[in-house]
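Notes follow once the structure below has been shown.
Readers should treat all values here as calculations from the given coordinates under stated rules, not as data from a laboratory. Small disclaimer: the values here were computed from a predicted structure and weren't measured. Note that each Cβ is placed from the backbone with ideal geometry, even for glycine, and that neighbours are counted across all protein chains shown.
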2 protein chains.
Amino acid sequence: MKRAVVLVSGGLDSATTMAIANRDGFRGHALSFDYGQRHKVELEAAKRVARSLGAADHRIAQIDLRIFGGSALTGDMSVPKNRETKTKNIPVTYVPARNTIFLSYALAWCEALGAADIFIGANAIDYSGYPDCRPEFISAFEQLAGLATKAGVEGTAFRIHAPLISMSKADIIRKGAELGVDFSLTHSCYDPTADGLACGECDSCRLRLAGFREAGLTDPIRYARR
Amino acid sequence: MKRAVVLVSGGLDSATTMAIANRDGFRGHALSFDYGQRHKVELEAAKRVARSLGAADHRIAQIDLRIFGGSALTGDMSVPKNRETKTKNIPVTYVPARNTIFLSYALAWCEALGAADIFIGANAIDYSGYPDCRPEFISAFEQLAGLATKAGVEGTAFRIHAPLISMSKADIIRKGAELGVDFSLTHSCYDPTADGLACGECDSCRLRLAGFREAGLTDPIRYARR
């Protein structure tokens, strides 16, 4: 069985991505990040998701993006609520170079494993306007991977799989449901309450709730407000 | 004055790179990494170098590349001594995706600072065969930076400066000396003795010693053996 590194945040996109990697015959090595995010409860969700989807291994890299600042997700600003998400502006929840850092780590592990495939749940449709979720970013990273590594120089063709990249949130939810993802294990909220409930008002909650509505399915997680 | 992020390892290449950034009119923000390297003493050198070259700020990011393994520099294998360095093989001191990870962090800080310039002391001539020290890697990362970031999407043209990329070690030493770098503050050894002396036998020591010889200068640091 081919091995792959799968970025697992604990959200529903990465859970569906991991289920797709399984369907495609990969043995997933789950990778999550403790990066000083205010929604650290997502790491517990990441563990549940990796376990429920049969990850061969799960590592949580400690990285501290707070040393640079610049994002609402790492505590510099507050998380916007009930924002119009269909604008073209990149919101303050953007974390500078986050997916570049995440993919760099995934590449390091992938090379150390002797694997060639990395899965990421990036999505360019019902997303929050992040530049590092676009197909052109994914392609550029794939190019870089071949040049950056010993394995690449020696002939490994690294592939960055972003199977959700052009799916709507509703399609992602339908696909996950079809592949047996247990969405009750996932966590998407940027700003959960002290007892871990989803706020229901941040961009991430609103996109998730709208996606379930559109898919005609019920979101099994609990919200403080919805 | 324009700001730039400068990767400072504590070695003579990055010290010379920082001096070049200064010469070119940048105010350097030094960035170092505590990545589980066995030669952690280089971080003390990085602090001395950043201070002596007037860094506006110096941050040390804690990242643990040991969780992936795969390199002699992070403890999986022993550091080779008195090796023939002019071969085409990539040595076991290669750390998977290291410069990709380092540049990703530099990009995050650069964007948070509102800067556009990153300096790295990568060198493709008298080097150890690392793929992520080649000009094609640097160009690919520069491309990626524009696509990966909010600043890039909004028009910032990130530039990855690798001023040493095609210089010999002797040329780097001459250039550093000309720009007033105090090489006594630097540390290059991969496998220093318990009291911090350079071993004189690893690839890094041998390249350094040969460079000073060729430049007709004396290396001011102390070696256990030379």
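Below is a table of values for the structure above.
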item	result
Cross-link pairs A:Lys81/A:Lys169; A:Lys150/B:Lys175; A:Lys150/B:Lys81 - those with Cα-Cα distance over 25 Å	A:Lys150/B:Lys175
Candidates A:Ala19, A:Ala157, A:Ala106: whichever shows maximal mean-square fluctuation once chain A is modelled as a Gaussian network with Cα springs under 10 Å	A:Ala157
Nm distances between copies for B:Glu44, ranked from closest, using label points 7 Å along Cα→Cβ	4.3
Extension reserve of the B:Ile125-B:Arg226 stretch, reckoned as 0.36 nm per residue once the Cα distance is removed	34.1 nm
Shielding by partners - mean other protein chain Cβ count within 10 Å, residues of B:188-201	0
Helix-only [θ]222 nm of chain A, DSSP H runs n ≥ 4, -39500 (n - 2.57) each, per residue, nearest 500	-11000 deg cm²/dmol
For the protein assembly as shown: rounded, prolate or oblate by the Cα gyration tensor [a/c cutoff 1.5]	prolate
Of every Cα-Cα pair in the stretch A:119-226, the percent that sits beyond 22 Å	43 percent
Within chain A: Cβ-based charge dipole about Cα centre, in debye rounded to nearest 20 (Lys, Arg +1; Asp, Glu -1)	340 debye
B:Glu178 paired with B:Asp24, simple spin-label distance in nm, labels 7 Å along Cα-to-beta-carbon	1.5 nm
Per-residue mean of C-beta atoms belonging to partner chains within 10 Å, peptide A:136-146	5
Three-way shape call for chain A based on the alpha-carbon gyration tensor, with the a/c threshold at 1.5	prolate
For B:57-68, mean number of other protein chain Cβ atoms within 10 Å	4
Other-copy label distances relative to A:Lys2, 7 angstrom Cα-Cβ extension, nm	4.2
Dipole of the protein assembly as shown [Lys/Arg +1, Asp/Glu -1 at C-beta], most positive-end residue of B:Pro192, B:Val95, B:Ile20	B:Pro192
Residue of A:Ile165, A:Ile90, A:Ile60 that the Gaussian network model of chain A assigns the largest fluctuation, springs spanning Cα pairs under 10 Å	A:Ile90
